[in-house]
Each structure stands twice: as C-alpha cells, then as structure tokens.
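> Got a structure here, written out as structure tokens. Questions coming.
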Amino acid sequence: MTLEQTEPGMQEIKPASFMSLIATLKPVSTSRLSTFPSQLIDMLPVVVVHGGAGHIPKERSELSTSGVTSAVRAGYAVLRGGGSSMDAVVEAVTYLENNPAFNAGCGSVLNVKGDVEMDAFVMEGKTLGSGAVSAVRNIANPIQLARLVMDKTSHLCLTAEGAKQFARSMGVPEVPQESLITEYSRMRWRKNLAPDANPVECQMGKMGTVGAVAVDSQGNVACATSTGGILNKMEGRVGDTPCIGCGGYADNMVGAVSTTGHGEAIMKVVLAKHILYQMEQGQSVEAASDLGLACMKFRAAGLGGVITVDPQGHWAARFSSRQMAWAAAQKDTLHYGLYEGENFTQSIDVQH
Amino acid sequence: MAESSSPGMKREDPDRNSKMSAVVVVHGGAWAIPDQLAEASVDGVKAAACEGSSVLKRGGSALDAVEAAVRALEDNPAFNAGHGATLNADGEVELDAIIMDGRTLASGAVSSVKNIANPVSLARAVMEKTAHVMLTSRGANLFAESIGVVTVPPDTLLTEYEKKEWEKHKTYVTGVDEDFNTQWAHDTVGAVAVDRAGNVACATSTGGIRNKMVGRVGDSPVIGAGGYADNLSGAVSCTGHGESILKVTLARLILSHVERGKSVADSSQLSLQYMADRVRGAGGSIVVSPSGQWAATFTTDRMAWAAVDQDVLWYGLDPDERLREQLS
C-alpha cells in the first residue's frame, strides 16, 4: 500500500507497520483540553462546536473564533434552558450556517459550475434517529431540513431535487442562490477554475464544514454537521457530511462525534464511527479522536478535525490540520481555540 | 437467525492462508421472497456467483469480480436493482450503488441516478475517474454522459410487475416497518470477493424501497452502511431495512467485530442481532475475509445467496439451507 508523499514526515506505509504505529500512540495529556476530575459533578450539560479544520489565514481567524464562540453560547443557552442536546446542536449549527464566514448555508463554497449545493446531518443518541440532506439547493438552513427529515419522514436521507420538494412540502422558504454566495466564496471559486489549481489544498482551513456535539442534562447525546462541500466540486458531489458514521454519529451508549476536513478521506475510514469504536474499547475521547485522525492520515492521506463527547461530558477538539476553530461550553465556562495546544477560557454569564 | 459460512473451521486456517484461494459471495436481497419468485432468485444468484468466479479464475481482481457479479444481478429483472427496480412515489426509477476496493479503501458511489442500466459500473467510474467518492442525482447523470455511459430510456428499466405494485401502493403509504413483514418488498443485490492476491472488494446496488419519497437515499450507496471493504479485515455487502442498516452502519459494524478477532460468521450474527435489538430492523449480510472465510447471514424470512469457493457452488434461500453443486 503506497501513499503519495504529500507532506514531510509522511512515509510509505504498509499495513503491518501501520498497526505497530497505532500501538505506539499514547493519549495526549487531557488535563488542559477536556477532562475535569471525575469526582466533580455538573459536567453536564456540555456543547462543543467546530468551524472547520485547515489553514485559516490570519485575517480570517478573528471571524472564525468569534463565530464559533457565538455559536457555542447559543447552544449552551438552549441546554441551560432545559433544551435537548438535539435542540442545542441544531441551534449552534444554525448560527454557523447564517454566519457568512463559514462553509455552510450562507458562505458555502461553490461547485465547479458556480452553484451552491449543501449537505447536512443530525443524529440523536437515544434511538439512533437521524436525518440528512445531500446536494440541496436554495435553502438557508440545511441543518433544519435534515432535522425535518428525521422528525417527519420514515427515511434517513433525501437528496437534491427530492430534498427540495420535501422542503417545499414542509413550508421551508426557498431562497435565491445569490443570498448564499459571498464575495469570498466567489473569489475562491474563480481562483480554482484554473487547470493547475488544487482546490483541496486551497480549501484546507480557509473555509470549513461546521458542526456541533452535545450532551444534555438527561445524558442524551447528539451531533450535527453542515457544509457547502469541497471548493469547485463536481456537480452532485456528496462528501462525508450527510453519510452517517462519516460526518457524524451519536449513540447514548458511547458518545457523539462531528467531523471536518477532507471529505473523501473521512469517508474512506468512516471517521466518526472509527472514533466511537475506539471509545468502546476504552480509549479516552482524546486518544480515540487522535487514533481516528491518524488512521485518516495514514490510510487515506487526508487531514481533518473532530469534536468528540462522551455521555459523561468528557470532550475533545482535535485536528491533524494546522488549525481548527472550535469552542466548548461546560460548567458556565467557555473554552475555545484555533491553533494546536490552544485552550482559552472565559466565564459565561448565564441568565437563569 | 440463519447463517451459512465457509465449510470447516471458523477460525483462521493456516493452510488456507497459504493457498490464497479466491472466493465470491453474492446476495439477491433479504426479505420474505414469495414462492413464485424463489426459483428465479436462486437461479439469479447462482449465475451471478459463477460470473464473479470466472473473473477470479482468469486471475481477475476482486474488484472486477464484484462488479461482474452485480452487473449480472442488475441485468436480471427478478431483482430490485437496475432492470426491475422498484418505483419511487412519482413512479420513477432512482438507483443507488457502491463499490469499494479493500486494497486502497478507494470507493465510488452513486445515489438517485436515473436511466442507467448498470449503476455499479457508474459507481466504479466515480471511484476511478473522479477525485470524489459519491455523486448524486443530476450531477451523477451528467458525469455518466461525460464519460459516454449510455442513458437508457426510462421504460427499459420498468417491469410490468413493478408498475402494478406501484399502482397498488400509490394510495396506501406503506410504513417502512411493514415492508419487511410483507411478501411484496423487493430488495437490494450485492457481492463480496477475495482474489488470489488476497485483495477484497464489495459492491451493492438497489432501486430502494417501493414508493419511497423522491430522492430517498438508503444504505446501499453509503460507505460503511451498505458496504465496506478493507484488506485488513474483509469485505461486506448488506441488504434489508435500509434505514436500520444506516443507523447501525452495519457493514462497518460487522468488520469492527472481525478486527477484534471474531469469525466472519459470529461478527455477522452479532451485528444483525444488534440491529434487531437496538433499532428493530431485519436484514442480511455477506462477508468475506482476506483469507477466504465467508458467511451469508440473515434475520429476514429468506435471502437468496450463493458463493463459489474452491470449485464448489454453495447457495440457499431459506434459513439454514446450504445446498451445493460441484463445479468442473
């Protein structure tokens, strides 16, 4: 099994040596990032959001950080108000879809034809209920449509024209495509029309898929993920986001994950499920996340990021790309970061 | 639950490893196949398994073998894939398919394509000719045109049987739960194989659930649900209640057990049992390991399946049925 040399340090990996590599990975210290001593109560509720993994240019990093912190505050307010984890993740992702700085809803990247086609996914951990839409056009909040698929149909996924018809039948307003397109996304599209362009490389980090995971006070977990996909993708291209187990997964017995990064690579290793299988085997949220990202890097040559939570409220935000905008809210404290190793904290003023 | 697996030991057989024999297993859907369709279903899976096997015998890859086997099933109007697929709520045929190469984890899938006779081959083209893993709807059809895949007139894929069934159900929305307790739900087709080089592959193809909503995507084209293939553990193709298979990511679940040292048969049984317990879904799976162990397992009333393993054609329909024919 040979991999392209895409960055320094990546080697030709054969299955046997990959397995021994995995055996040597140790959990990263959890003290700063995720775990409070288990004897502390009130680890629930908790919500974590991400705004995409990659190489965010400095001038956009402010937008990314303020975007994820606003979204996580909105999700946390829902939880503190007694709302469910599903309500919280949908609220947080709706914020990010409405924020033009992120690759979801408004601000989505354009496909090769210059159109917006969006994917979204929700899942709740109690019954494994799930809803997804793929390649849907002309709606402002695909995450809400995904939730309607879950709540109002006997199906798990609707695509393209069928998804649009369903939206219409639910009274979801149709919006002009122009309202979803930003100058930034149009500029990046034009730049990547050049034959020697590398859209995957170009995208990494500048515009990210968004997502959220949460555990509510009842111990129910949920996840939500939404995206405009890969820059200049082929029409009809579906990535990891709406594929259950890839873009996200939620199971009250194990935890919840939302992923971001190179979609095709995430799909090949079914990343969200991979992480949860590791947790079932006893790995911490961090170690499991790192193992999943390593698998994605070595077996599928892709970089990305994940947010992971277990039903007890342990959480992690991990990424193999240069940065990932993320934020978490737990115990009335806001955590957030962008570059590796960052974990800023601030107290959240909660109105009771 | 019904299960048929490779004869002999369930544990890894060192002699078998060194022989590196090629195996292909196919299924034609897990559901309460009515008696009047039984013979056609069994004949169909046997023929498809032999198609796949002759590819392997010629030294072809597992990927070539699963594509050939599934094409044979798509072309056969007795099955719910390609020709003979069920109709959606608008009376149209929308097809889903996936193919995956265990050697590299490369995969290709199409969902909701129309007027394509062999979606599994289009899925393979997505894998080999694009930088993507999955294309849907109009985009998938545009891609097909761009590579010269012939679009067939809509009527070509329709059968009288399916038109009648659609009429019957137009005014009565069948709950998904009911479909698997009734006689009249058709299902998905699939194949898994391991070739002489020890590479595994899977492929799955379907027309989905009868009278499904327009644009409904089930498990078949979703990597990890309808199928998965990894040289480190094996290849799986699933069939049954699509929404349940998705919720438990059945193909990936089965292989997660194999990774932890369980046999392909035990892994399948545990996973199907979990699907029944956790989400009340029934279905079936075929699995092959890189060393040639295989299993065909189902929790529905019947599943048409066949396997070719060391010049023996195995096949079955009813639970615990395992018939054999010696091939020359």
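> Calculate what fraction, in whole %, of the accessible area of segment B:23-326 sits on carbon and sulfur atoms when a 1.4 Å probe is rolled over the protein chains.
That share works out to 49 percent.
> So for the protein assembly as shown, taking the charge dipole from beta-carbon charges (+1 Lys/Arg, -1 Asp/Glu), which of B:Ser21, A:Met86, A:Gly51 sits furthest toward the positive end?
Of the options given, the answer is A:Gly51.
> Want the number for A:Tyr184 to A:Ser70: 0.36 nm per residue separation, take away the alpha-carbon distance, what's left?
Stretched out fully, the A:Tyr184 to A:Ser70 stretch lengthens by 38.9 nm.
> Rank these residues by their accessible area, most exposed first, probe 1.4 Å: A:Trp189, A:Trp326.
A:Trp189, A:Trp326
> So what is the accessible area of segment B:235-279 per residue, in Å², with the probe set to 1.4 Å?
25
> Moving to a separate point now. Once you have the Cα-Cα distance between A:Lys331 and A:Gln281, take 0.36 nm times their residue separation minus that, and quote the gain in nm to one decimal.
Contour length minus the Cα-Cα distance gives 15.2 nm.
> Which entries in the list A:Lys126/A:Lys273; A:Lys191/A:Lys268; A:Lys164/B:Lys212; A:Lys152/B:Lys168; A:Lys297/B:Lys247 go over 20 Å, if you measure between the two C-alpha atoms of each?
From the list (A:Lys126/A:Lys273; A:Lys191/A:Lys268; A:Lys164/B:Lys212; A:Lys152/B:Lys168; A:Lys297/B:Lys247), the Cα-Cα distance tops 20 Å for A:Lys191/A:Lys268; A:Lys152/B:Lys168; A:Lys297/B:Lys247.
> Between B:Leu142 and B:Ala197, how high is the FRET efficiency from 1/(1 + (r/R0)^6) when r is the Cβ-Cβ distance and R₀ = 41 Å? Nearest 0.05.
In this case the efficiency is close to 0.70.
> What angle do you read, to the nearest 10 degrees and between 0 and 90, between the alpha-carbon axis of helix B:119-129 and the longest principal axis of chain B?
70
> Whole-Hz ³J(HN,Hα) for each residue in segment A:216-225, computed from phi via Karplus 6.51 cos²θ - 1.76 cosθ + 1.60 with θ = phi - 60°, x for glycine and proline: what do you get?
So the Karplus estimates, Gly and Pro as x, are 8, 5, 7, x, 7, 9, 8, 9, 8, 9 Hz.
> Another question, if that's okay. Sequence-distant or interchain residues sharing an amide H contact under 5 Å with B:Ala106, placed H: which?
Those lying under 5 Å, H to H, from B:Ala106 are B:Asp101.
> Mind pulling the angle between the C-alpha long axis of helix B:137-146 and the longest principal axis of chain B? Nearest 10 degrees, somewhere in 0 to 90.
Between helix and principal axis, roughly 70 degrees.
> Let me ask something additional. Amide H of A:Leu334 versus every other amide H placed in the peptide plane: which residues, excluding those fewer than 5 positions away on the same chain, fall under 5 Å?
For A:Leu334, whose amide H was placed from the backbone, the distant partners under 5 Å are A:Gln346, A:Ser347, A:Ile348.
> Also: Roughly what would the spin-label model give for B:Glu128 and B:Asp318, points 7 Å off Cα along C-beta, in nm?
4.2
> Between B:Lys164 and A:Tyr339, what is the label-point separation in nm under the 7 Å Cα-to-beta-carbon projection?
Simple spin-label model gives 7.2 nm for this pair.
> Grab the DSSP H runs of chain B that are 4 residues or longer, score each as -39,500 (n - 2.57), total them, divide by all residues and round the 222 nm result to the nearest 500 deg cm²/dmol.
Per the formula, -10500 deg cm²/dmol.
> Tell me the total accessible area that B and A bury against each other, 1.4 angstrom probe, in square angstrom rounded to 100.
Chains B and A together bury approximately 3700 Å².
> Go through segment A:321-334 residue by residue and turn each phi into a ³J(HN,Hα) via Karplus (6.51, -1.76, 1.60, θ = phi - 60°); whole Hz please, and just put x for glycine and proline.
7, 5, 9, 8, 6, 8, 8, 9, 10, 7, 6, 6, 10, 9
> How high is the FRET efficiency from A:Ala194 to B:Gln326, r the C-beta distance, R0 41 Å, rounded to 0.05?
The value I calculate is 0.10.
> Report the one residue of B:Gly240, B:Ala47, B:Ser137 whose Cα lies farthest in the direction of the positive end of the charge dipole of chain B (charges on C-beta: Lys and Arg +1, Asp and Glu -1; origin at the Cα centre).
Of the listed residues, the answer is B:Ser137.
> With a 1.4 Å probe and every protein chain left in place, tell me how much accessible area B:Asp301 has, in Å² to the nearest 10.
100
> Roughly speaking, what is the stretch gain from A:Glu174 to A:Gln218, that is 0.36 nm per residue apart minus the C-alpha to C-alpha distance, in nm to one decimal?
12.3 nm
> Taking a 1.4 Å probe, which of B:Trp305, B:Trp166 shows the most accessible area, and what order do the others take after it?
Sorted descending by solvent-accessible area, the residues read B:Trp166, B:Trp305.
> Between B:Ile116 and residues 5 or more places away or on another chain, which pairs have amide H atoms under 5 Å apart, with H built 1.01 Å from N, and which residues are they?
B:Val152
> Please compute the contact order of chain B in relative form: average sequence separation of alpha-carbon pairs under 8 Å and at least six residues apart, divided by the residue count, as a percent.
It rounds to 27 percent for chain B.
> When the Karplus curve 6.51 cos²θ - 1.76 cosθ + 1.60 is applied with θ = phi - 60°, which whole-Hz ³J(HN,Hα) does each residue of segment B:312-328 get, with x for Gly and Pro?
10, 9, 9, 7, x, 9, 8, x, 6, 7, 9, 9, 9, 9, 7, 9, 5
> Okay, moving on. At 7 Å along the Cα-to-beta-carbon direction for both B:Ser21 and B:Ser54, put a label point, then send me their distance in nm to one decimal.
2.1
> A follow-up question, please. Considering the dipole of segment A:285-343 built from charges on the beta carbon (Lys and Arg +1, Asp and Glu -1) around the Cα centre, which of A:Leu291, A:His335, A:Leu303 is farthest to its positive end?
Sorting the options by dipole projection puts first A:Leu303.
The values are calculated or read from the model by the stated rules, or taken from the named source; none is laboratory data. This one's a predicted model, so the numbers in the text were calculated from it and none came from an experiment. Note that each Cβ is placed from the backbone with ideal geometry, even for glycine, and that neighbours are counted across all protein chains shown. What goes into the accessible areas is simple: the full protein's heavy atoms, side chains included, and nothing from ligands, DNA or RNA. Shrake-Rupley method; radii C 1.70, N 1.55, O 1.52, S 1.80 Å.
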